[in-house]
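Colleague: Here's a structure for you.
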Amino acid sequence: MADFDEMAVEFELDMQHLRRKLHSALDLAQIEAMGMTPRPFHEDTPIKLSDAIYLPVLGGEVLRNGQRTPSPTFTKRSLEGAIDAGLLEGRLHRGKMTVTIKALRMWLDNGAPAGVKVAAAKPARTPAVKSNRERERVVASNALARQMLDGLKTNKK
């Protein structure tokens with residue numbers, strides 16, 4: 001009888017262990033079905049800057065069901081500034097600036113400035129540049145006016 005009681009207890013413990021595993025498997029299946037698992041990305045896939053701020057490598061999160069959480073540290077503008085400064089490798093892909101996860105990792109490993117928004121610097125216009133530009137505009141304006149006058153003269157004849 002003692003052997004039978006031992007077997008019953010052992011059976012009950014095994015069933016409890018199996019029940020826990022089944023419940024955790026069911027929970028994982030429901031999470032997967034709802035799309036609440038992280039979406040994988042290939043290292044060399046070009047990703048638009050507006051989407052890159054959601055990548056886990058920058059502190060964001062992208063789930064399979066489409067929910068996204070942006071990076072608390074980096075913005076699209078900070079990525080653009082890093083590309084303009086030559087610190088981050090970006091490529092034009094179908095008319096949009098893109099980055100890869102590999103390039104982002106290299107940028108972060110090289111000490112990316114956290115949260116810094118680099119403003120695009122415009123070159124100062126010297127008086128010589130201004131005067132040259134004004135001369136070009138005058139010449140172009142005069143040429144356009146002469147063409148219009150010549151067009152009116154030929155129409156009258």
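Colleague: Within the set of pairs 6+ apart or on separate chains, which have a first residue in region 16-40 that is of a type in the set (Lys, Arg), a second that is open to solvent by 90 Å² or more (accessible area, probe 1.4 Å) and at pLDDT 75 or above, and C-beta atoms under 9 Å apart?
Modeller: If the second residue must be open to solvent by 90 Å² or more (accessible area, probe 1.4 Å) and at pLDDT 75 or above, no pairs are left.
Colleague: Another question, if that's okay. Can you tell me how many residues in region 79-106 are open to solvent by less than 80 Å² (accessible area, probe 1.4 Å) and part of a loop (DSSP other than H, G, I, E, B)?
Modeller: Result for region 79-106: 6.
Colleague: When the residues of region 48-78 are narrowed to those that are closer than 18 Å to Lys96 by Cβ and of a type in the set (Gly, Ala, Ser), which ends up surrounded by the fewest Cβ atoms within 10 Å (Cβ to Cβ)?
Modeller: Restricting to residues being closer than 18 Å to Lys96 by Cβ and of a type in the set (Gly, Ala, Ser), the top hit is Ser50.
Colleague: Here's a follow-up. What residue, of Val116, Val129, is assigned to a helix (DSSP H, G or I), out of contact with any strand residue (DSSP E or B) (no Cβ under 7 Å at 6 or more places or on another chain), farther than 16 Å from Glu43 by Cα and modelled with pLDDT under 90?
Modeller: Just one listed residue meets the conditions, Val129.
Colleague: Looking at region 138-155, which of the residues that are among the charged types (D, E, K, R) and open to solvent by 100 Å² or more (accessible area, probe 1.4 Å) is modelled with the highest pLDDT?
Modeller: Step by step, filter region 138-155, then rank; the result is Arg146.
The values are calculated or read from the model by the stated rules, or taken from the named source; none is laboratory data. No experiment lies behind these values; they were computed from the predicted model shown. Cβ coordinates were reconstructed from backbone atoms using ideal geometry, including for glycine residues, and neighbour counts include every protein chain displayed. Side chains are part of the model used for accessible areas, which takes the heavy atoms of the whole protein and leaves out ligands, DNA and RNA. Shrake-Rupley method; radii C 1.70, N 1.55, O 1.52, S 1.80 Å.
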